[in-house]
1. Stretched out fully, how many nm does the piece from Glu125 to Asp28 gain, at 0.36 nm a residue minus the Cα gap?
2. What is the order of Ser103, Ser79, fewest Cβ neighbours within 10 Å to most?
3. In the stretch 82-136, what GluC sites (Glu not before Pro) fall in a loop by DSSP, with at most 16 other Cβ atoms inside 10 Å?
4. Give me a comma-separated list of calculated 3J(HN,Hα) values for the stretch 89-95, in order, Karplus coefficients 6.51, -1.76, 1.60 applied at θ = phi - 60°, integers in Hz, x for any Gly or Pro.
5. How far, in nm, would the chain grow between Arg66 and His11 when pulled straight, counting 0.36 nm per residue and subtracting the alpha carbon separation?
Amino acid sequence: MTEYEAERRLHHPAETVFAAVADLHHADEWGPGDLHVRGHDGDLTTVDKGGSEEGDGGVRGLARIRPEQMRVEWGVEGSPDYTGWIQVMHADEGHSRVVVHLSFLGHRREAHPGPAADAVQRRLEDGLDRLADRLGA
């Protein structure tokens, strides 16, 4: 298993940051991009990466919003080869910390050192930059 993580301190309260992160309809603004939210089943949300909002093509994933923990978790439906989470935490007054984490298993390129692994780390850091920009940090 290979794990990646990036962290950022934001100049916004944790509740504000979590509200932005938990709004999965805008996850493509800070996440890996090209995400389409399709539906909800209890606390699970169906998300497609690639394809269209109607769910044709792409990879089907599931996301779980955990408001009590200020955390969003996701993965590929039916496969343990890719999972991730983003955690928002309180920092000093009016600020927060955000950690985003990805795990890759198996034979995926991202599970091994090299250009794909470097690209994953850059995407995590770029995603936190985009989240900060979206919030006007």
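1. Values: separation 97, 0.36 × 97 = 34.92 nm, distance 1.44 nm.
Stretched out fully, the Glu125 to Asp28 stretch lengthens by 33.5 nm.
2. Working: Ser103 18, Ser79 14.
Ordered from fewest to most neighbouring Cβ atoms within 10 Å, Ser103, Ser79 come out as Ser79, Ser103.
3. On the way: sites: Glu93, Glu110, Glu125; in loops: Glu93.
Qualifying residues, ordered by number: Glu93.
4. 10, 5, 10, 5, 3, x, 10
5. Numbers: separation 55, 0.36 × 55 = 19.80 nm, distance 2.22 nm.
Extending this stretch completely gives an extra 17.6 nm.
Here, each number is a calculation from the coordinates, and none is a lab measurement. Remember, it's a predicted structure, so these values are computed and weren't measured experimentally. No Cβ is skipped: glycine too gets one built from the backbone with ideal geometry, and neighbour counts run over all protein chains shown.
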